Amino acid sequence: MNEGISTGEMWRSAETILLRGGRLVDPAAEIDGRQDLFIRRGRLEGMAAEISRDADLTFDLSGLVIAPGFGDAHVHLREPGNEDAETIASGSLAAARGGFTRIACMPNTQPSLDTRGQIEYVLRQAQAAGHARVYPVGAATRGREGAQLTEMHELQAAGAVAVSDDGNPIASSRMMRRVLEYARTWGMLLITHAEDPELVGEGVMHEGYWSTVLGLQGIPAAAEGIAVARDVRLAELTGARLHVAHVSTREAVETIRAAKARGVAVTAETAPHYIALTDEALKDYESVYRVNPPLRSAEDREALIAGLRDGTLDILATDHAPHTVVAKDQELAAAPPGMIGMETAVGVTLEVLRHREGLSLTEIVALWATRPAQVLGWGGGRLKLGEDADLTIFDEEASWQVEPERFASRARNCPFRGWTLRGRVRMTVCGGRLTHSEGVTACPSERFQTEFS
Ligand SMILES: [Zn+2]
């Protein structure tokens, strides 16, 4: 084989590929054990404990975990409008590097994704880039201003996977009711950014011990608790499907737990930064730790992990929020809130939830693959013979150091800079195509090698 021929080039040219020796974790199929996968022209053709057929290309995946392709239900791609911070191409490449085959991007671009044309634009750009399946979330109200409903059915017809005014809460309860009623009419999921804007006020961090010590304006947990309680109640009133984005507090977890027990159609997510960090991170006034909702107390963090364990919180999502270095490199109160997360998500999840908190691989794959597919209805989330292969392959033990300068994302506002994480993505396969590989070696068959070189 010629030196310099990349794994990607070989993957593209191979008709048959065998992935041998990996540990397949597919919660939907209740599989956790060695499975070899046989892929023909991108399609999953065979799956068994041991496959000894010849293939053009064979990968030895012993020691690695194979999961259905991971999905990130909450990212910001900044295009159109702020391409200095991120583009659909750079953000979807960051997704592939982070192990994601599907991402849902929020509509708080400039202009916002509130028309059919805007949704189609995102889909075209994503297709041209070809790194991941991108599912735009349409705006719930025009310009995300909370005053007039969008034409949700047109957004849906154009390919919007849900509606949301994310970035902004929908402040008026009356408007929220109308949004939910309208979303229900079209069978659309409403994703809520649940913060009471008046209680958030000028706050820059969680209101508690550390905001007092640091003399910074706080955001009380009640800002989220009140908004979640209202939205859950309105979902109950209207019968609409509600998904609560970026849950950060114990009280929101308790409200959602109680609502689910009553049978309300509510799902919820939290983000890796809320389970890895607390408000203490702000003690040196570094703006990289500013995010909305803010990093909370140790007690809140514990409650979020308990919520992930018992299924009150259905999924993890990154809330990947890129900002330029210039924008983020300001004092705390002036810097925009938000952190990037797609390229550290799997590492942080495995480090914190797997290695420190002892969650099983089945639980972790459910949080990143199985349940995101159920919440967003975007297909996948499980392996199926005859379908295009969609895989996230990772080493749960490999240690690496977080160096944001190496990221595919254009942004560098990563709160985990310098951390050592146990858990690293090795391959991402999206729609049968290899969209990322690192540290794995393909072994070509003799015939393929001759033809290829
Ligand atoms: Zn949000």
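Only one of (1) over 29 Å from residue 87 (Cα atoms); (2) assigned by TED's automatic domain parsing to the domain that holds residue 245; (3) crowded, with 22+ Cβ neighbours inside 10 Å; (4) away from the ligand (no atom under 16 Å from the Cβ) fails for residue 351. Which number is that?
(1)
Against the conditions (1) buried (at least 22 other Cβ atoms within 10 Å of the Cβ); (2) within 14 Å of the ligand (Cβ to nearest atom), where does residue 266 fall short? Just the number, please.
Of everything listed in (1) buried (at least 22 other Cβ atoms within 10 Å of the Cβ); (2) within 14 Å of the ligand (Cβ to nearest atom), residue 266 misses just condition (2).
Output the qualifying pairs, or none if there are none: Cβ atoms under 6 angstrom, residues six or more apart or on different chains, first residue in the range 233-249 and closer than 24 Å to residue 219 by Cβ and without any contact (Cβ under 8 Å) to a residue 60 or more places away in the chain, second residue away from the ligand (no atom under 11 Å from the Cβ) and not in a helix (DSSP H, G or I).
Sorted first by the residue in the range 233-249, then by its partner, the pairs are 235/242; 235/264; 235/266; 244/268; 248/296; 249/296.
Can you report the number of residues in the range 170-187 which are surrounded by 22 or more Cβ atoms within 10 Å (Cβ to Cβ) and not in a helix (DSSP H, G or I)?
Residues flagged as surrounded by 22 or more Cβ atoms within 10 Å (Cβ to Cβ) and not in a helix (DSSP H, G or I) within the range 170-187 amount to 1.
Can you pull out the residues in the range 274-301 that are in contact with a helix residue (DSSP H, G or I) (Cβ under 8 Å, 6 or more places away or on another chain) and over 16 Å from residue 220 (Cα atoms)?
275, 276, 277, 281, 283, 285, 287, 288, 289
What single numbered condition from (1) surrounded by fewer than 24 Cβ atoms within 10 Å (Cβ to Cβ); (2) in the same structural domain as residue 165 (by TED's automatic domain parsing) fails to hold for residue 50?
(2)
Of the conditions (1) within 17 Å of residue 399 (Cα to Cα); (2) in contact with an Asp or Glu (Cβ under 9 Å, 6 or more places away or on another chain); (3) crowded, with 18+ Cβ neighbours inside 10 Å, residue 341 satisfies every one except a single condition; which number is it?
It is condition (1) that residue 341 fails.
When the residues of the range 295-318 are filtered to those that are β-branched (Val, Ile, Thr) and more than 15 Å from the ligand (Cβ to nearest atom), which remaining residue is farthest from residue 162 (Cα to Cα)?
305
Going by the conditions given, is residue 134 within 16 Å of the ligand (Cβ to nearest atom) and either out of contact with any strand residue (DSSP E or B) (no Cβ under 8 Å at 6 or more places or on another chain) or within 29 Å of residue 343 (Cβ to Cβ) (or both)?
When the stated conditions are applied, residue 134 does not pass them.
Could you run through the range 276-294 and say how many residues are small (Gly, Ala, Ser) and either outside any helix (DSSP H, G or I) or within 16 Å of the ligand (Cβ to nearest atom) (or both)? Let's see the steps before the verdict.
Initially, the range 276-294 is screened for residues small (Gly, Ala, Ser), giving 276, 281, 287.
Remaining after also requiring either outside any helix (DSSP H, G or I) or within 16 Å of the ligand (Cβ to nearest atom) (or both): none.
Qualifying residue count, the range 276-294: 0.
Out of curiosity, is residue 111 over 24 Å from residue 11 (Cα atoms) and within 16 Å of the ligand (Cβ to nearest atom)?
The answer is no for residue 111.
Specify which of the listed residues (9, 50, 45) is acidic (Asp, Glu) and part of a strand (DSSP E or B).
Details: 9 fails: part of a strand (DSSP E or B); 50 fails: part of a strand (DSSP E or B).
From the options 9, 50, 45, the qualifying one is 45.
Hand me the list of helices (runs of 4 or more DSSP H) wholly inside the range 306-402 holding 3 or more residues that are over 14 Å from the mean Cα position of the chain (by Cα) and hydrophobic (A, V, I, L, M, F, W, C).
325-328
Can you list the helices (runs of 4 or more DSSP H) lying wholly within the range 71-165 that have 3 or more residues being more than 21 Å from the chain's Cα centre (by Cα)?
Ranges flagged: 116-129, 152-158.
Please go through the range 331-363 and give me each residue that is in contact with a Lys or Arg (Cβ under 9 Å, 6 or more places away or on another chain) and among the hydroxyl-bearing types (Ser, Thr, Tyr), ordered by number.
360, the sole residue that qualifies.
Return the residues of the range 235-251 that are polar (S, T, N, Q) and within 16 Å of the ligand (Cβ to nearest atom); say none if nothing qualifies.
In the first step, residues of the range 235-251 are kept if they are polar (S, T, N, Q); the result is 238, 248-249.
Result: 248, 249.
Go through (1) under 22 Å from residue 297 (Cα atoms); (2) out of contact with any Lys or Arg (no Cβ under 6 Å at 6 or more places or on another chain) for residue 192 and report which single condition fails.
(1)
The values are calculated or read from the model by the stated rules, or taken from the named source; none is laboratory data. Worth saying up front: this structure is predicted, and the values here are computed from it rather than measured. Virtual Cβ from ideal backbone geometry, glycine too; neighbours counted across all protein chains shown.
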